[in-house]
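The values are calculated or read from the model by the stated rules, or taken from the named source; none is laboratory data. Keep in mind the model is a prediction, meaning the values are calculated, not measured. Counting neighbours? That spans all protein chains shown, and the Cβs are built from the backbone with ideal geometry, glycine included.
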Amino acid sequence: MLLIITDDAGFGVPSTFGGVIPTPALDRIANQGLRYNRMFSTALCSPTRAALITGRNHHSAGFGVISE
């Protein structure tokens, strides 16, 4: 599995979701029915990682702050 996370890019950026930046490979995958659209992210590394691993909001995963 390959996961690509872009910084400061929301649903309005890639062409897959109607944005202005062409993403032909992602468009092909999405047109076949694969669209991940419930990814929680935060401005901090640890909470975002916890949200990504658990598939839940970072507070629900118990990581509201940076883990040292």
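Could you grab me the full set of residues in segment 27-46 that are modelled with pLDDT of 85 or more and surrounded by 10 or more Cβ atoms within 10 Å (Cβ to Cβ)?
D27, R28, I29, A30, N31
In this structure, does F63 turn out to be surrounded by 14 or more Cβ atoms within 10 Å (Cβ to Cβ) and modelled with pLDDT under 75?
Criteria not met by F63.
Just one of (1) free of Cβ contacts under 8 Å to residues at least 40 places away in the same chain; (2) surrounded by 11 or more Cβ atoms within 10 Å (Cβ to Cβ); (3) out of contact with any helix residue (DSSP H, G or I) (no Cβ under 8 Å at 6 or more places or on another chain); (4) on the phi < 0 side of the Ramachandran plot trips up L52, so point out which.
The number of the failed condition is (1).
Which residue pairs have Cβ atoms under 9 Å apart, sit 6 or more places apart or on different chains, and have a first residue in segment 13-35 that is closer than 16 Å to L3 by Cα and a second that is at pLDDT 90 or above and not in a loop (DSSP other than H, G, I, E, B)?
These pairs meet every condition: P14/D27; T16/D27; T16/N31.
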